[in-house]
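Enquirer: Here it is, the structure, as structure tokens.
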Amino acid sequence: MPSMDDTHRVTSIPHSAPTPRSQGQILRLLSYNIQVGITTRHYRQYITNSWKHVLPYPERMETLRSIGQFIAGFDIVGLQELDTGSLRSGFVDQAEYLAQVAMFPHWYSRTNRRIGRFAQHALGLLGRYRAHRIVEHRLPSAIPGRGALEVHFGSEEAPLVVVLLHLSLSRRARRQQFDYVARVIAEHRYAVVMGDLNCQPESHEMLALLHDTDLRMAPHGEHTYPSWRPVQAFDHILMSPALEVRETKVYPVAYSDHLPVGLELLLPPEVRLDDAPVELECVVE
């Protein structure tokens, strides 16, 4: 069962799924660290705006509305640095709010760290398709509060498995977390791993993950952090070789301190996301 610091929420509303293509579906994915709706344009604002991480302010909702309008053009969106309802967010569940603004019929969230009434640090995944299995993982870390959200779409026989991450700042912790993720996806032929991985493509831990699995990185060739003058590539989408990449893009939208990364995939014909069973299985590891 979840502890006080590890809670989850799964919600969906009625909606018809997009029509699949006869030769395989085109799927648009996005990974975005939204910094709980805080817009940052200078390093000094990490200090001057630090109070926004614990207290509400009116402009946050305007930023979230802009983010919701932007993400509406995608099929599956993985969000990092969400708040699932605390003082700083005005007790608004940001996963639910963004799903409503962007008209996503399904959303799934995991609260990784709860700091009293002041903050609920979370991951969120929004989708146009129904999931049939959700697994919440607590990632290894010396400092508690890092987790992963594993979501299965499509049929049980040939699921698309999306793993959403926000990894630690420590290289040692990231290597342990990548080792954990490698075990999670080992048995899945169609897997996507995405998020704020806090490391460059050429980092030792990233290269080790690619060596230990059949994952490949979708190269976007651009930096994603900080959003106002990017010099680091921290945000990535990786996928199994059975998934065909059509397009990868970093979007120049300055709603956060990270830039979002988007990817267009062509799914194999056997992966049909509208085939999800009615029952939803939720597991906490």
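The values are calculated or read from the model by the stated rules, or taken from the named source; none is laboratory data. Keep in mind the model is a prediction, meaning the values are calculated, not measured. Note that each Cβ is placed from the backbone with ideal geometry, even for glycine, and that neighbours are counted across all protein chains shown.
Enquirer: Can you spot a residue in the range 161-171 that is out of contact with any Gly (no Cβ under 7 Å at 6 or more places or on another chain) and either modelled with pLDDT under 95 or among the charged types (D, E, K, R) (or both)?
Expert: Yes, some residue in the range 161-171 is out of contact with any Gly (no Cβ under 7 Å at 6 or more places or on another chain) and either modelled with pLDDT under 95 or among the charged types (D, E, K, R) (or both).
Enquirer: How many residues are at pLDDT 95 or above and more than 23 Å from residue 249 (Cβ to Cβ) if we restrict to the range 21-36?
Expert: 1
Enquirer: Next up: Of the numbered conditions (1) surrounded by 15 or more Cβ atoms within 10 Å (Cβ to Cβ); (2) assigned to a strand (DSSP E or B); (3) without any contact (Cβ under 8 Å) to a residue 40 or more places away in the chain, residue 247 satisfies every one except a single condition; which is it?
Expert: So the condition that residue 247 fails would be (1).
Enquirer: Can you tell me which residue is nearest to residue 189 (Cα to Cα) among those in the range 245-274 that are acidic (Asp, Glu) and modelled with pLDDT of 95 or more?
Expert: For the range 245-274, the residue satisfying everything is 264.
Enquirer: Hey, residue 167 hits all of (1) loosely packed, with under 15 Cβ neighbours inside 10 Å; (2) under 20 Å from the mean Cα position of the chain (by Cα); (3) not acidic (Asp, Glu) but one; which does it fall short on?
Expert: Residue 167 satisfies all of (1) loosely packed, with under 15 Cβ neighbours inside 10 Å; (2) under 20 Å from the mean Cα position of the chain (by Cα); (3) not acidic (Asp, Glu) except (1).
Enquirer: Any residue at all in the range 219-229 that is farther than 27 Å from residue 158 by Cα and either among the hydrophobic types (A, V, I, L, M, F, W, C) or in contact with a Gly (Cβ under 9 Å, 6 or more places away or on another chain) (or both)?
Expert: Among the residues of the range 219-229, at least one is farther than 27 Å from residue 158 by Cα and either among the hydrophobic types (A, V, I, L, M, F, W, C) or in contact with a Gly (Cβ under 9 Å, 6 or more places away or on another chain) (or both), which makes the answer yes.
Enquirer: For the subset of the range 38-87 comprising residues that are more than 19 Å from the chain's Cα centre (by Cα) and closer than 30 Å to residue 130 by Cα, which member is surrounded by the most Cβ atoms within 10 Å (Cβ to Cβ)?
Expert: By that ranking, first place goes to 86.
Each row is one residue, and each column tells you yes or no for (1) surrounded by 15 or more Cβ atoms within 10 Å (Cβ to Cβ); (2) modelled with pLDDT of 95 or more; (3) assigned to a strand (DSSP E or B).
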{"site": "178", "(1), (2), (3)": "yes, yes, no"}
{"site": "181", "(1), (2), (3)": "yes, yes, no"}
{"site": "188", "(1), (2), (3)": "yes, yes, no"}
{"site": "194", "(1), (2), (3)": "yes, yes, yes"}
{"site": "208", "(1), (2), (3)": "yes, yes, no"}
{"site": "227", "(1), (2), (3)": "yes, yes, no"}
{"site": "237", "(1), (2), (3)": "yes, yes, yes"}
{"site": "279", "(1), (2), (3)": "no, no, no"}
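Enquirer: Within the range 104-118, restricting attention to residues that are part of a loop (DSSP other than H, G, I, E, B) and surrounded by 16 or more Cβ atoms within 10 Å (Cβ to Cβ), which residue is farthest from the chain's Cα centre (by Cα)?
Expert: Applying the filter and picking the extreme gives 105.
Enquirer: Being of a type outside the set (Gly, Ala, Ser) and surrounded by fewer than 24 Cβ atoms within 10 Å (Cβ to Cβ) is the filter here; which residues of the range 147-161 pass it?
Expert: 152, 156, 157, 159, 161
Enquirer: Sticking with this structure for a sec: Give the residues of the range 86-103 that are in a loop (DSSP other than H, G, I, E, B) and over 17 Å from residue 76 (Cβ atoms), sorted by residue number.
Expert: Applying the first criterion (in a loop (DSSP other than H, G, I, E, B)) to the range 86-103 yields 86-93, 103.
Within the range 86-103, 86, 87, 88, 89, 90, 91, 92, 93 qualify.
Enquirer: If you don't mind, there's one more thing I want to ask. Anything in the range 49-80 that is of a type in the set (Gly, Ala, Ser), within 17 Å of residue 119 (Cα to Cα) and either in a loop (DSSP other than H, G, I, E, B) or at pLDDT 95 or above (or both)? List them, or say none.
Expert: Residues satisfying the conditions do not exist here.
Enquirer: Okay, moving on. Restricting to the range 48-83, name every residue that is in contact with a strand residue (DSSP E or B) (Cβ under 8 Å, 6 or more places away or on another chain), under 18 Å from residue 122 (Cα atoms) and small (Gly, Ala, Ser).
Expert: Matches in the range 48-83: 78 only.
Enquirer: Within the range 136-176, work out how many residues are within 28 Å of residue 75 (Cα to Cα) and assigned to a loop (DSSP other than H, G, I, E, B).
Expert: The qualifying residues number 11.
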